[in-house]
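Undergrad: Dropping a structure here in structure tokens format, bear with me for questions.
The values are calculated or read from the model by the stated rules, or taken from the named source; none is laboratory data. The model shown is predicted, which means the values in this text are computed figures rather than measured ones. Here the Cβ positions follow ideal geometry from the backbone for every residue, glycine too, while neighbour counts run over all protein chains shown. To get the accessible areas, we keep the full protein, side chains included, count just its heavy atoms, and leave off ligands, DNA and RNA. Shrake-Rupley method; radii C 1.70, N 1.55, O 1.52, S 1.80 Å.
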Amino acid sequence: ACGSAAGGKGGPNPDPEPQELLLQDGSNLRVALASESLVYCLLAAHGDAALLIDARDRAAFDQAYVCGSWHLGDASGEQSEALMGALRSRCGLRSVAVLGEEVNALRDKFVLRVLNMLHKAAIRPKGPVLVLRQGLTAFARRFPFCMRSKNAEREAPLPPCPAELLAPGWSGTRRPLSLYIGPEACAVEPSAAPVFSALNVRTVISTSGKHLKTPHKRCSVVAIQEGTGAEGEALIAVAREGCDKILRQSTACLLCGPASTLVASLVLAEALPRVAQSADEAEAYVRLRYPASGVLDTAARLELTRVIARKAGKKDPMLEEQSSAALSVCEGKQRTGVVQDLYSQLSRRNRHGAKVALDTLRVALNNILEQPTEAKFRRLKGSNARVQREVLAHPEAVQILRVAGFVADDQDLVLPPAAPLQALREVLAQLPVPCGGM
């Protein structure tokens, strides 16, 4: 599983929780039950990369709906080709979540109707279709600031919202009460006041080295000053202090600033070791909820691995990791020159093709980093027209994927299960940042 929801003494429940659903035509559809916390993160942090579909009837939708969600209308029976085309277009390569009213979501007739429509439309979402686990009533109680009534969304758009890493009640009385991560706008924008009130955030942990001025009542700011030493060492020092301060808080915390990804990962390693048994798992947990999180470099991953090993009771974990890190640094330097040279060659030969290939490579590599155990993201099928056109048609793009660890499997390109994800991070870091023109 990519994450967990609070599960009491029995431990965390998978979040999302994979399920096999038998459809009307006798076929099986792979879905996953998602907590209101995870669905909120899709809305708050994923932006256009996620699509929420409200399965209820029109009257219930008009009365109160999740900001930005889509209603399919009251169509029943045979749906029009236009609707099927709209589903394929809007759901393709996005995280898709279906929202219903029933607590037992997979017995909700409206949810089942939408799932059958999605199956009929043969959509290709990012990961399995998610289904809100407890229904919209529970979601609205937790996140009232996300709800809108008919025609109200234009006048009241969604304010800056942080992603939720640890939901209230995540582990009894352990600290912090809950944990959120987001940009500084969440802390300084007055429009985020309803968000802070509903989430009961009382402490902002800022790793930017400056004291933020927050307009939110009864909220204090803890500013962590920049560390000393080399850049990587300074970042780790800040992250250690940030993690320590968060674990001492008895209130809900908002984490923001340049070291947030490492701080959040360290908190998970300390507080929820069952969902952070490796650096990859910890990073995937954070990225699933907050895609804007930065990519951990080798030094940061080494620090995270050290904490994970200590929590697991392993002795002297640093010796092997330091050796591996030194090798990774050497290999990373080699990748840097190769990736940049390959992209320059492609750009000189085919400027437009290079831009399209760049976008596709970024999506493919980020998909794996966000969901490293999802097999379909680790295989680029040679029979796929888009893969043929945007990747395989360019030898340089294929070679960049090989540098990242992909190997040929007949006509496909596959990232083996044992391939280190650090190679993907280093390749991503060396690809040019997308811009309006190249």
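Undergrad: Report the full-extension gain for the segment Ala152 to Ser197: residue separation times 0.36 nm, less the Cα-Cα distance, to one decimal in nm.
TA: That pair, Ala152 and Ser197, stretches by 14.1 nm at full extension.
Undergrad: Using a Gaussian network model of the chain whose springs link C-alpha atoms within less than 10 Å, name the residue from Gln63, Gln422, Gln399 with the highest mean-square fluctuation.
TA: Sorting by GNM fluctuation, first place goes to Gln63.
Undergrad: Kindly state, to the nearest 0.05, the FRET efficiency for His71 paired with Asp410, given R0 = 35 Å and r defined as their beta-carbon distance.
TA: Efficiency for this residue pair is about 0.25.
Undergrad: Over the Cα atoms of region 351-409, how large are the radius of gyration and the largest Cα-Cα distance (Dmax), in Å?
TA: 11.0, 34
Undergrad: Estimate the FRET efficiency between Leu428 and Lys217 by the formula 1/(1 + (r/R0)^6), using the beta-carbon distance for r and 41 Å for R0, to the nearest 0.05.
TA: Here the calculated transfer efficiency is 0.50.
Undergrad: At 20 °C and 1.002 mPa s, grab the translational diffusion coefficient of region 27-92 from Stokes-Einstein with a Kirkwood Rh over Cα pairs, rounded to a whole number in µm² per second.
TA: 156
Undergrad: For the chain, what does the helix formula give at 222 nm: sum of -39500 (n - 2.57) over DSSP H segments with n ≥ 4, over the residue count, nearest 500 deg cm²/dmol?
TA: It lands at -13000 deg cm²/dmol.
Undergrad: To continue, here is another question. Please compute the modelled spin-label separation between Asn350 and Lys314, points set 7 Å along Cα→Cβ, answer in nm with one decimal.
TA: Simple spin-label model gives 4.3 nm for this pair.
Undergrad: A further question on this structure: In Å², what does the accessible area per residue of region 205-265 work out to with a 1.4 Å probe?
TA: Counting only protein heavy atoms, the per-residue value for region 205-265 is 49 Å².
Undergrad: Which number do you get for Rg(Cα) / (2.2 N^0.38 Å) in the chain?
TA: Rg over 2.2 N^0.38 Å, computed on Cα atoms: 1.01.
Undergrad: For Lys217, list the aspartates and glutamates whose Cα falls under 17 Å from its own Cα; do not include residues on the same chain fewer than 8 positions away.
TA: Glu184, Glu189
Undergrad: Find how much the distance from Gln340 to Val103 grows on full extension, using 0.36 nm per residue of separation minus their present alpha carbon separation; answer in nm with one decimal.
TA: Fully extending the segment from Gln340 to Val103 adds 80.2 nm.
Undergrad: Across 10 Å bins from 0, what is the distribution of all Cα-Cα pair distances for region 150-301, in whole percents?
TA: Each 10 Å bin holds this share of Cα pairs: 12, 41, 34, 11, 2, 0.
Undergrad: Which of the residue pairs Lys245/Lys311; Lys355/Lys381; Lys126/Lys311; Lys120/Lys355 have a Cα-Cα distance greater than 23 Å in the structure shown?
TA: The pairs that break the limit, which is 23 Å between Cα atoms, are Lys126/Lys311; Lys120/Lys355.
Undergrad: As a test question: what accessible area, to the nearest 10 Å², does Glu303 have when a 1.4 Å probe is rolled over all protein chains in place?
TA: Solvent-accessible area, nearest 10 Å²: 10 Å².
Undergrad: Let me ask you something else. Out of every Cα-Cα pair in region 252-320, what percent are more than 20 Å apart?
TA: Every Cα pair in region 252-320 considered, those over 20 Å come to 24 percent.
Undergrad: Here's another thing I want to ask about it. Taking Rh as the Kirkwood radius computed over C-alpha pairs, what is the Stokes-Einstein D of region 98-236 at 25 °C in a medium of viscosity 0.890 mPa s, expressed in µm² per second?
TA: 134
Undergrad: So which GluC sites (Glu not before Pro) in region 138-198 end up in coil per DSSP with only 12 or fewer other C-beta atoms within 10 Å?
TA: Listed in order of number, the matching sites are Glu155.
Undergrad: In whole angstrom, and with the biggest value first, how far do the Cα coordinates of region 54-170 range along each principal axis?
TA: So the extents along the principal axes, rounded to whole Å, are 41, 32, 26.
Undergrad: Would you list Arg379, Arg141, Arg289 from the most to the least accessible area, probe 1.4 Å?
TA: I get Arg141, Arg379, Arg289, largest accessible area first.
Undergrad: Would you compute the Debye intensity of region 109-165 from its alpha-carbon atoms alone, equal scatterers and no solvent, and pass along log10 I(q)/I(0) at q = 0.13, 0.22, 0.29 Å⁻¹ to two decimals?
TA: Listed by q, the Debye log ratios stand at -0.54, -1.07, -1.10.
Undergrad: Counting only protein heavy atoms and using a 1.4 Å probe, what share of the accessible area of the chain belongs to carbon plus sulfur, as a whole percent?
TA: That share works out to 51 percent.
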